[in-house]
Each structure stands twice: as structure tokens, then as C-alpha cells.
Amino acid sequence: MDALKLSDFIGSTLIVSLAEDRILIGSLVAVDAQMNLLLDHVEERIGSGSRMMGLVSVPRRSVQSIKITKPMLRDLAANKFELMGNIV
Amino acid sequence: MEIVYKPLDIRNEEQFASIKKLIDADLSEPYSIYVYRYFLNQWPELTYIAVDVKSSTPSAPIGCIVCKTDPHRNVRQRGYIGMLAVESTYRGHGIAKTLVEIAIDKMQRAHCDEIMLETEVENVAALNLYEGMGFIRMKRMFRYYLNEGDAFKLILPLTERSCTRSTFLMHGQMA
Amino acid sequence: MEVDRILGSLSITDDFDQLVDVTCFFDELCSKLKPETIVKDPRFDLFEGTHSLEADNSKLDSSLIELTDEELEFDLNVAHESPLSSVTAIADRLLRCVISWLNEYQTLPTTVLSCRYTECLLSSLIKGTSSGPFWNTGDALYDEVLGSCVLGVCYLAKFVHRLLSAGIVFEEEDLNFNSMRLNAFNNLPDQDVVIKSLINSLQLLETYSDESLHLVMLKHTLKITLCLVHLEDHLTNYSTETMHLDELIENANSVNSMLPQLQLSPPSGSFSTYIQKHRSNQFPPRQITEPPTDYGGFIILAEDIKTVLLVNEAKSALETYQFANIFNKLKQRHVIARILFPLIFIRDDRTILGKFSFTDFYSLHIKEFSAQTPSEPSSALGGELIQESSNILLEWYQNSSQNTCRYRQGFNRQLILWDSLQAQFESVSSKIYCFWTYFMKLSIMIEFSLKGFDLEIYKPFEAYSMFWYVYYLSSHLVDLLNECQKEIESNISAIHSMNKKIKKLKAGEKKDQLRFKYRFAMDNEMDQLQTTKQFLNYLLKEANITKSLCLIEVFQFGILKSFHVIDNKNDTPLKFSDERLIHELRFKPFNSIGVPELPEHEAFQKSLKDFTIDREESSFDTRLKALSSFIEEEVQNVNKSIDEIISCIKAGDNNGVLVTGTGLVQELSVEYYSKLKLTSKAIAINSKVIMSTLKKDTDHKDYKVELVHATKGWNYYPIQTLRVKENRRK
């Protein structure tokens with residue numbers, strides 16, 4: 001994972017936990033130096049409820065945690081090494 | 001009170017935050033962080049702040065102007081004033097006017113053919129400020145703002161290119 | 001796929017074994033970024049990001065909406081206390097929400113969709129249930145009566161959606177259709193089913209012995225809903241039947257008279273922001289709107305549609321032309337009426353009103369304007385050019401139903417199109433086409449310019465240039481119309497001279513031939529020639545009124561400038577621009593127009609000089625007096641012309657001198673000319689006020705000029721009003 005850069009995460013699905021049992025799942029479109037996230041196709045989950053919210057900016061101060069699925073992380077890493085392999 | 005005007009320091013995160021706070025308090029339209037990122041990160045040289053160096057917070061902006069420039073239909077360079085705000089206790093001292101002048105001067109030097117902005121029909125103070133500088137109303141827009149008011153589109157012409165229909169400028173370019 | 005599976009099963013209570021926490025990793029990577037950096041997909045334009053919502057920002061996060069317990073726990077399957085009054089209150093508020101949505105341009109989620117019953121019905125439709133009951137309280141008033149009312153409102157929404165998709169008006173600006181992803185309108189039952197369910201409800205109410213006002217009110221709401229469901233008939237089969245519109249008006253009037261005596265309060269929680277917080281929602285949170293307190297909005301809706309339907313009666317291009325000129329001009333019509341107009345007028349079967357093909361309709365304009373049957377322009381360009389012209393003409397008709405701001409912008413585009421048409425017709429030298437095209441172009445240029453005064457586009461200092469320019473345009477229009485008139489006169493006298501010739505000729509073949517020709521002309525051409533002549537008379541009067549009013553405005557500006565209270569430029573020196581550039585920007589729409597050529601800036605300056613009197617001059621007072629009496633005279637002429645036009649309109653174009661073509665819009669036209677007259681009178685009074693105020697005052701520096709709309713007057717000619725300048729803050 002350590003070889004990955006922020007730009008590698010662009011386009012991948014992040015699971016962002018906010019306060020009070022609120023989770024936003026969306027694909028990362030942009031991130032700034034303060035780690036304010038811009039997510040697209042956001043799905044909000046609260047309890048058992050789920051709804052879509054489109055393009056959402058998530059300020060760093062609201063973020064409790066950012067998670068990514070293991071398979072997706074594997075894919076990211078695999079792509080990265082493949083790419084590096086090609087260069088080498 | 002002693003007001004000093006300076007360009008935005010985009011590397012100064014505190015400044016970014018205080019500009020956002022200043023504008024959020026002043027404008028009715030809601031702006032996300034990425035509205036500010038759009039302007040400030042892409043055209044950092046076109047945002048200016050005013051600070052009161054004699055106050056207890058000499059580095060905190062008490063006023064700011066946020067602009068950008070873009071080619072308009074590929075025929076003329078258009079400067080755009082996106083946001084302008086002055087803290088309420090500092091109003092009536094010509095700070096807004098100076099900020100606008102500094103920004104327009106900068107955009108003129110950056111070869112803009114015109115400066116454009118939109119403002120609410122009801123915003124008499126803004127209309128007076130801009131119209132006093134030569135801006136004229138080009139069109140009225142029906143229910144433009146979230147608060148449901150009409151808006152005027154204002155333009156200040158800086159060069160001849162501003163005064164010719166873009167369709168004909170395009171033909172000119174091809175010729 | 002594996003990712004989707006994991007995400008699909010993910011819930012808070014699940015174990016998070018399949019997830020990796022990257023928070024610290026992200027923090028670390030971000031901290032290494034330069035502060036100005038944004039990491040993003042290169043294809044993503046940050047501009048899109050300016051439209052994003054924002055978590056935990058109360059203005060941009062609908063999750064933060066706070067709902068009361070009643071709103072949260074609102075149960076649709078419970079009949080609330082005293083069902084008759086509560087159902088009446090819900091139906092009433094829902095209908096007032098419709099008014100708020102359509103008459104006051106509010107959004108769907110803050111009006112119609114703020115009703116929990118609407119939300120419920122639409123979401124049942126999405127799930128595939130297409131017939132009620134949509135909620136089960138066990139009370140027929142809720143399950144059936146309210147159900148049919150909500151169903152009817154949804155049916156109206158379906159019709160509105162159809163109107164919006166026609167692309168005539170602008171979403172967000174003229175009409176909001178944020179259906180919160182509940183766009184289930186295609187699953188709605190057919191119109192007859194909806195109607196039947198409303199009628200059943202009405203019949204059910206007949207069985208109630210209750211004598212209360214609530215029952216009467218509830219019946220009215222159902223009847224109103226029924227009328228709303230029928231609105232689509234005007235499009236589906238181009239119905240000109242106004243029965244349902246009249247009923248709508250009647251019922252709305254009845255409701256308006258009962259409402260003050262009724263205490264209606266819908267059960268708490270039945271209308272709320274619930275939908276914004278719980279449904280998929282890409283928009284910032286907004287408070288639900290407080291709908292209007294009466295049903296006046298429905299009366300406006302019905303009246304405006306009735307006005308639009310009148311166009312079906314048009315018998316000539318003259319009448320359609322005048323209809324389009326005025327129906328949306330005095331006040332902005334209801335958005336549904338504005339959309340219906342072009343859809344009824346320009347039909348799906350590519351006819352105008354089901355009567356003319358597009359090109360025939362176009363030719364009709366030429367024919368009625370020139371009293372000649374147009375033959376296609378000779379060159380090969382002809383056919384294509386006619387096609388293009390008829391399209392531009394239809395665009396002109398469509399533009400007439402735009403909202404007041406778009407209307408002016410539409411003309412900004414149109415004037416270029418007509419200019420190019422005119423140039424093309426000139427190149428194939430087709431006189432009658434040229435005349436009419438030029439007439440349309442000049443009218444559009446004048447309308448575009450003067451509409452700017454109505455929209456308060458111009459500052460007082462710009463009034464001179466604008467009025468002088470419109471004066472210039474209307475002079476050209478007068479010249480053109482005179483030329484057209486001459487043409488008509490000579491055609492008329494050619495026919496008359498045939499008769500004289502016949503009398504001189506000896507009996508024989510030649511005489512018979514000429515007599516035949518004469519009779520043919522008298523039978524087939526004379527009527528149109530006379531009508532056109534009288535229509536041109538009217539257009540000339542109209543153009544002269546415009547010309548005079550502009551001249552008066554120009555004179556007033558000249559007087560004000562003579563006293564140094566105004567100039568045709570900014571009153572402070574400019575740092576970044578100059579007087580000439582600003583002038584040229586203002587006249588940008590016209591600077592490519594071939595005829596009439598836009599005068600140079602210098603010509604504007606010189607003309608203003610001619611209208612200004614030097615105060616040092618000894619003849620100042622005499623000249624001022626002369627000006628003043630000239631203005632008075634012009635105003636009298638204008639008023640006289642207006643009176644002639646008004647009496648002609650009232651008499652139904654029957655006086656043998658003028659034809660106005662206003663048969664379909666008589667009242668509106670009279671109203672328009674009455675407003676114009678009021679303005680002309682106000683301008684005359686203003687002249688006197690200006691003179692007396694400024695003459696008395698020796699130090700004139702304290703005055704400024706404001707452009708003021710005369711109350712109940714016509715806003716195209718504002719009053720250049722003197723105001724005492726407020727002292728500047730020290």
C-alpha cells in the first residue's frame with residue numbers, strides 16, 4: 001500500500017464514516033491538501049436507510065474514517081505494480 | 001484602522017479558511033469548499049484580501065474579492081468577479097471599491113477584454129459600486145438566484161473586442 | 001464485482017473485515033501535498049465541483065434537516081381525528097401547493113411533494129401499484145376521496161412534465177420539476193381512470209348527510225382537481241372547449257369566498273421536509289413554502305389558458321401577428337399558458353393551428369402585408385430561403401411566450417436572423433419579401449431596445465442614446481411603411497383607372513377583356529388592397545407614436561442636460577474604460593446591422609448637442625419655451641392618434657380608415673393603448689415639472705435624474721424624473 005499515491009485512489013470507491021452512524025460511499029473525484037474530499041455518486045447510509053446524494057464535498061473535519069474494500073485496494077496495488085513492471 | 005491590500009497566499013491555509021468564513025457570512029448563496037477551491041486554486045493571483053493592520057487580528061481578512069479569467073467563446077478574454085465581501089463593521093470606507101479596482105487592474109494587465117459579473121436586482125449597493133466604475137447592465141435574468149430574485153449581468157468593456165458580437169469576431173478570426 | 005458484493009452487504013452492524021482503514025494513510029499523503037495542490041481526475045473540471053453538496057454544511061446537507069416527532073412518525077395508514085375536516089384541510093393545502101409550484105415558481109419538493117400522501121402515492125407507483133387505495137386507514141374519506149385528489153394532482157404533474165419536455169421554457173427559471181426520483185408518472189392510470197376515481201369520490205360525498213362547510217369545500221377541491229386533470233385535453237386533442245376552465249374559475253371563486261369562514265389545519269406532519277431528508281436528493285435543503293392563502297392562482301391559470309385558446313379563432317396572419325404581439329406583453333402569463341401557446345399554434349403535424357403549412361403561413365404574412373400573392377423569389381436560392389424565413393418567423397412566434405427577460409434576449413438573437421434574411425432577399429431582389437422582412441426587423445430592433453427600459457437595463461444617462469436610436473429606427477420604419485403604402489395606392493389606382501379606360505373604349509373584344517380583368521381585380525384583389533392599406537395606416541400611426549414619444553424623451557433629456565443635471569455619460573471619471581467603449585458595448589447588438597446602419601458614436605454626441613441649449617445664450621428662455629410648447633404639441637398628437645386607434649379597436653376595425661387586426665385581443669389592445677396614453681400624459685406633466693423646478697432653482701447641482709415607471713403606464717417610456725440628491729455621507 002505504501003507505494004500508492006493519492007492520485008491512484010482517484011476513481012475508487014471510498015467508504016467515509018461521519019459522526020452519528022452516517023456513512024457516505026462514493027467515488028473519489030478530487031482531494032485537496034487538507035484532505036477535504038469530493039465524492040461523486042454518493043450513497044448515504046444511516047441505519048438501514050440508504051439514499052443517493054450525487055456530488056458531495058466532505059470536509060476533513062467531518063471525516064471520522066476513510067475505508068476502502070480489500071479487493072479494491074488489491075486491484076489498485078496490482079495495477080500499480082503492473083504499471084511499474086512495465087516501466088522497468 | 002489601517003487597511004492593507006494584498007494578494008491571496010494560496011499556501012496559507014488559514015487565509016483560505018478565513019476567506020471562506022468571511023464570504024459565507026455575507027452571501028446568501030451557499031458555497032461548498034470546492035467552490036472556493038475552483039476559484040482560489042486555479043486563479044490564486046486573482047484573489048485579493050484586505051486586512052486591518054492596526055486591529056488585534058492584523059492578518060485576518062476583513063474583506064476580499066475572488067475573480068477568474070476565461071476565454072469567452074474563444075474570441076475574447078473575459079474577467080469574472082465571482083465574490084466580493086467586506087465585514088459589516090468595515091463597510092462605508094471604500095474598501096470594496098479598492099478591492100474591485102485592484103482586481104480589475106490586475107485583469108486588465110492580464111489582457112482581459114471585459115469584466116463580467118452578476119448581481120441581484122435588489123442589491124442597490126453593489127449596482128451603485130459597479131455602475132460607478134462604468135459597468136453597464138447587459139441583460140436581466142429571470143429568477144436567477146436561489147432566493148428567487150432576478151439578476152442583472154453587468155459588463156465593463158476594456159477593449160474594442162468587448163463591443164463586437166462574438167459571432168462576428170469568430171468570422172474575423174477565420175478571415 | 002466483488003467490491004459491489006461487499007458494498008451491497010455492508011451495514012453498520014456488519015463486521016468490517018473486508019475493509020481497510022486508509023484514514024491515516026490519506027492524512028499522511030495529503031500532508032505531503034503542497035497547500036495549493038488538488039489531486040483530481042484530469043478529465044474532471046473543477047467547475048462541476050462548484051455545484052456539489054457539502055456534508056455537515058447546514059445550507060448544503062439535507063441530512064441535517066431537523067424533523068419534529070410528528071413529522072418523523074407521521075402514519076399514512078391512520079385516519080386522523082375528524083376525518084372530514086382533516087381530509088379537507090389536506091386536499092386544500094395540496095391544491096394551494098400546486099398554485100405555489102406553478103404560479104409562484106416554487107420547487108416540487110417544497111410544495112406538492114412536501115405532502116406525505118403525494119410522496120406515498122408516487123412511491124407506490126414506482127413499485128408497480130397503479131390503483132388505490134394507496135394507504136389503508138379504513139376510512140373512505142382518506143382512502144378514496146383523498147386518494148383520488150392526490151392522484152389527480154399527480155396526473156396534472158404528469159401533464160406539466162410533458163409540457164416541460166417540449167423545451168419551450170427553461171427548467172429552474174420558469175418551472176421546477178425536481179421529482180426527487182419519484183418520476184413515476186408513466187405508471188399513472190389513464191386519464192379516464194383518474195377522472196372516474198374523482199367522480200366516484202364526489203358521488204361518495206353525496207351520501208354524506210353532513211351539512212358542514214367542510215363537505216362543501218371538499219367537493220370544490222375535487223371539482224378543481226377534476227378540471228386540472230382535464231387541462232391536457234387542450235394539447236392531446238387541441239380542444240378549444242373552455243367548460244373545464246370556466247368550472248375551474250367558478251369553483252376557485254366559491255372557495256375564495258368560503259375560505260375565511262373555514263378553519264383548516266392539516267394533521268401535523270402531513271406536509272414537511274421529510275422527503276428531502278429521506279429520499280435520494282441532489283439538492284440543498286429548502287424550507288417548505290407557505291402556499292398562498294387563496295385560490296386566485298387557479299383563476300389566473302384558467303384565464304390565461306382561455307386567452308391562449310383564442311388564437312384558434314384567427315382568420316388571418318394579421319390576427320395571429322397581433323395576437324402574438326400582445327397576449328404575453330401586458331403581464332407575464334401563467335407558465336402553462338405560455339408553454340401551451342406555441343404547442344397549440346405550431347402543431348405536431350407541422351401545421352399552424354391545423355390550418356396552414358409552415359410555408360403557406362409564411363406566405364400569408366407576405367400576402368397580407370403587400371396585398372400581392374407572393375411568387376417565389378426567382379433564384380434557385382428561393383425555396384431554401386423561404387424555408388429558412390418561415391422557420392425564423394415561427395421562432396418569432398415562439399419568442400412571444402417567453403418570460404419577460406428571455407423575451408428581450410430572444411429578440412437580441414432574432415434581429416441578426418432577420419438582418420441576414422433581408423440581405424439575402426435583397427440579393428435575389430424580391431421587393432415584397434424585402435419590405436416585409438425589413439418591417440419585421442425594424443419592429444424587433446425597436447422592441448428589443450424599448451423592452452430594456454421595462455426591465456430597467458438602462459441607467460438615466462443612457463436614456464438619451466437609446467431614445468435617440470429608437471427615434472432613428474422608427475423614422476426608418478415610417479419611411480418604409482410610407483413606401484409600402486405608395487405601392488398599395490398605385491395598385492389601387494391602377495384598378496380604378498381600368499374602369500375609366502373601359503368607359504372610354506368602344507365596345508368590342510378589347511373592352512370585354514379589360515372589363516373582365518377589371519372585374520377580376522375588383523372581386524379578388526380590391527378587398528385585400530383596402531385591408532392592407534388600412535392596416536398600413538394603423539402601422540404608420542403606431543410607428544409615428546413611437547417616433548414622437550422617443551423624440552419627446554430626447555427633448556426632455558436635452559432640457560435636463562441644458563440645466564446640467566444629466567449628461568449622456570457616467571458622472572464620474574472612469575479608470576478602466578471610457579465613454580465611447582461603454583456606448584459601443586451598449587450598441588453591440590446592432591453594430592453588425594446593415595440597414596439602417598448604426599450611427600457612429602460621434603453622431604450621437606453631435607445630435608445631443610443639437611438638443612441642448614447653452615445657458616449662457618441670451619435666447620435660452622425663448623428657446624426653452626419653444627421646446628416646451630413643441631413637447632406639448634407632440635403629446636397632443638400622440639394622444640389623438642392613440643384615441644383614434646382605441647376607437648377603431650373598440651369598433652372592431654370597422655371605421656374604414658384603420659385595420660388593427662386586434663379582433664382576438666380587443667380588450668388587451670385597448671388596455672395597452674390606454675397605458676400608452678397614460679404614459680404620454682405623464683411625460684407631458686413631467687415636462688412642466690422639470691421646467692418649473694429648474695427655472696426656479698439657481699443652483700442646480702443638487703438634482704439628479706431617475707427613470708421612473710408611470711403608475712399603470714407603459715414601461716417602455718419611463719419618466720425622466722428630477723430628484724434632489726441626498727447628501728453624501730461624510
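Odds and ends about this structure:
- log10 of Debye I(q)/I(0), alpha-carbon scatterers only, for chain C at 0.04 Å⁻¹: -0.24
- Proximal charge balance of residue C:413 [Cβ under 14 Å; K/R count +1, D/E count -1]: +4
- Of C:569/C:677; B:139/C:459; C:650/C:712; B:139/C:40; C:459/C:588, pairs whose Cα-Cα distance is over 24 Å: C:569/C:677; B:139/C:40
- Computed Rg/Rh of the stretch C:314-457, alpha carbon atoms with Kirkwood Rh: 0.97
- Greater than 27 Å apart at Cα, pairs in B:6/C:34; C:367/C:504; B:153/C:704: C:367/C:504
- By the count of other C-beta atoms within 10 Å, a proxy for reagent exposure, C:327, C:177, C:298 are ordered fewest to most as C:177, C:327, C:298.
- Shape metrics for the protein assembly as shown, restricted to C-alpha atoms - Rg then Dmax, Å: 33.6, 116
- Both radii are taken from the alpha-carbon atoms of the stretch C:194-320; with Rh as the Kirkwood radius, Rg/Rh is 1.06.
- Per-residue shielding of C:22-34, expressed as the average number of other chain Cβ atoms within 10 Å of the residue Cβ, stands at 6.
- Centre-to-centre separation between the Cα atoms of the stretch C:72-108 and those of the stretch C:565-616: 57 Å.
- Cβ-to-Cβ counts within 10 Å put C:115, B:64 in ascending order as C:115, B:64, the fewest first.
- Helix axis angle, C:147-165 relative to chain C longest principal axis, alpha carbon, degrees: 40
- Working note: Cα atoms of the stretch B:15-158, range along each principal axis, descending, whole Å: 45, 34, 31.
- The protein assembly as shown: calculated mean residue ellipticity at 222 nm from DSSP helix runs of at least 4, using -39500 (n - 2.57): -16500 deg cm²/dmol
- Cα-only Debye scattering, the stretch C:600-730: base-10 log of I(q)/I(0) at q = 0.12, 0.15, 0.17, 0.19 Å⁻¹: -0.67, -0.90, -1.04, -1.15
- Value of Rg/Rh across the stretch A:10-68 [Cα atoms, Kirkwood radius]: 0.93
- Shown here: the stretch C:64-309, whose C-alpha atoms stretch 48, 48, 35 Å along the first, second and third principal axes, sorted largest to smallest.
- Helix C:509-524 axis, angle to chain C major axis (alpha carbon atoms, nearest 10°): 40
- Going from the residue with the fewest nearby Cβ atoms within 10 Å to the one with the most, C:612, C:225, B:167 rank B:167, C:612, C:225.
- Longest to shortest principal axis, alpha-carbon extents of the stretch C:219-269, angstrom: 40, 26, 12
- For the stretch C:443-487, convex hull volume per residue from C-alpha positions, Å³: 51
Computed from the coordinates by the stated procedures, all read-outs in this text should not be read as laboratory data. Remember, it's a predicted structure, so these values are computed and weren't measured experimentally. Cβ coordinates were reconstructed from backbone atoms using ideal geometry, including for glycine residues, and neighbour counts include every protein chain displayed.
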